[in-house]
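Here the structure is laid out as structure tokens; the discussion comes afterwards.
The values are calculated or read from the model by the stated rules, or taken from the named source; none is laboratory data. What you see is a predicted model; the values in this text were computed from it and never measured. All Cβ positions, even for glycine, are placed from backbone atoms using ideal geometry, and neighbour counts span all protein chains on display. Calculation scope for accessible area: heavy atoms of the full protein, side chains included, ligands and nucleic acids excluded. Shrake-Rupley method; radii C 1.70, N 1.55, O 1.52, S 1.80 Å.
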Amino acid sequence: MPCTIRLFQVDAFTTQPLCGNPAGVVLDADELSAEQMQALARELNTSDTAFVLRPDAPDHDLRMRFFTPRKESGFVAHATIATHTVLAALGRPAAPRQKQHTGIVQVQVAAGSPPMVQIAQPPAPLRAAPAPELMQAILAALDPQCPALIAGSASTRLLLAVRESAQLARLQPDLGRLAELSAPAGAAGYFLYTRHSEITGCDTEARMFCPALGISEDPVSGNAHAMLGVYLLKHGLLGAQSGHAKFIGAQGHHLKRPGRVQIDVAVSEGAPTSVTIEGQAAIVFEASLALGAASAS
């Protein structure tokens, strides 16, 4: 029997449609196969599409799978915020324990229209910089002169600092070369940022390039900002008060899709214990689609 699915396009880390980072959201996706999920993600052609599934164990309230147009991802913050914005708009009960391939994260949805969604997760591990010869090749492809560090585990990013926002605006990276360098460098994406933001109310500005994932430039990344929070805290560049180190990051304005990410790093004895990503989202449209039946995988 064919099944009819509900799907949404939602712009995350913004309250304005056509800004922030677009994500697809597919509800009640239990009857879809992985192949159908991948085909839908390719058809929607946003950077990521989230598929909402029933829980399969008592330790979580819902499951989610994430697909880029090319492959499955472990966890995507902006698509998670988009999903919980949709669920709240539909009046569905809050599902605080969300399970995905990378484990279980805690999600809190505050009252509001749209609501503020908070995602708490363990701090991303900070790793060493790539080997010098790889670093030289990466910098040649990006063209900034800045320090670097790889962060993350399942979804790694190379964090690169530039001195001022004007340098971000001038970036014209060699995306083909960056894609080639991703695997040997151990970084699926390149997150460039400055701590000298020219955006009112924001502490940092950033751009992110992920050509190896099929994403030339990601408009707004919650995960990368969470990694940046841990990085800044470790290097004494982000102060903590009452056990919390917070900042607001701007991204997407270079793509005319401005968005903001709020990061709260919980700190104990100078070390990060968890990172919370906060953001809102705007539902752009809803549609339904009839598909042939397939066994879930």
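Below is a table of values for the structure above.
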item	result
With DNA, RNA and ligands ignored, accessible area of Ser274 (1.4 Å probe; Å², nearest 10)	40
Most positive-pole-ward Cα, Leu62, Thr83, Gly112, against dipole of the chain from beta carbon charges	Gly112
Cα convex hull of segment 1-47 - mean projected area over all directions, nm²	3.8
FRET efficiency, 1/(1 + (r/R0)^6) with R0 35 Å, evaluated for Ile104 and Leu291 via beta carbons	0.75
Calculated from backbone phi, Karplus (6.51, -1.76, 1.60) coupling profile of segment 252-262 in Hz, x at Gly/Pro	x, 5, 6, 9, 6, 10, x, x, 9, 10, 9
Listed residues Glu286, Glu133 arranged by accessible area, highest first, probe 1.4 Å	Glu133, Glu286
Accessible-area order (highest first, 1.4 angstrom probe) of the listed residues Lys246, Lys99, Lys256	Lys256, Lys246, Lys99
P(r) tail fraction, the chain - alpha-carbon pairs more than 35 Å apart, %	15
Accessible surface ranking that places the most exposed of His101, His225 first, with a 1.4 angstrom probe	His101, His225
Zero-based 5 Å bins, Cα pair distances in segment 197-292, whole percents	3, 12, 20, 19, 16, 12, 8, 5, 3, 2, 1
Share of carbon and sulfur in the accessible heavy-atom surface of the chain [1.4 Å probe, %]	50
Mean separation of Cα contacts under 8 Å, 6 or more apart, over the residue count of the chain: relative contact order %	24
Under 29 Å between alpha carbons - lysine pairs in the chain that sit 8 or more apart or on different chains	6
Ellipticity estimate at 222 nm from DSSP helix runs (n ≥ 4, -39,500 (n - 2.57)) divided over the chain, nearest 500	-6500 deg cm²/dmol
Spatial extent of segment 53-143: Rg and Dmax, with the Cα atoms as the point set, Å	17.4, 53
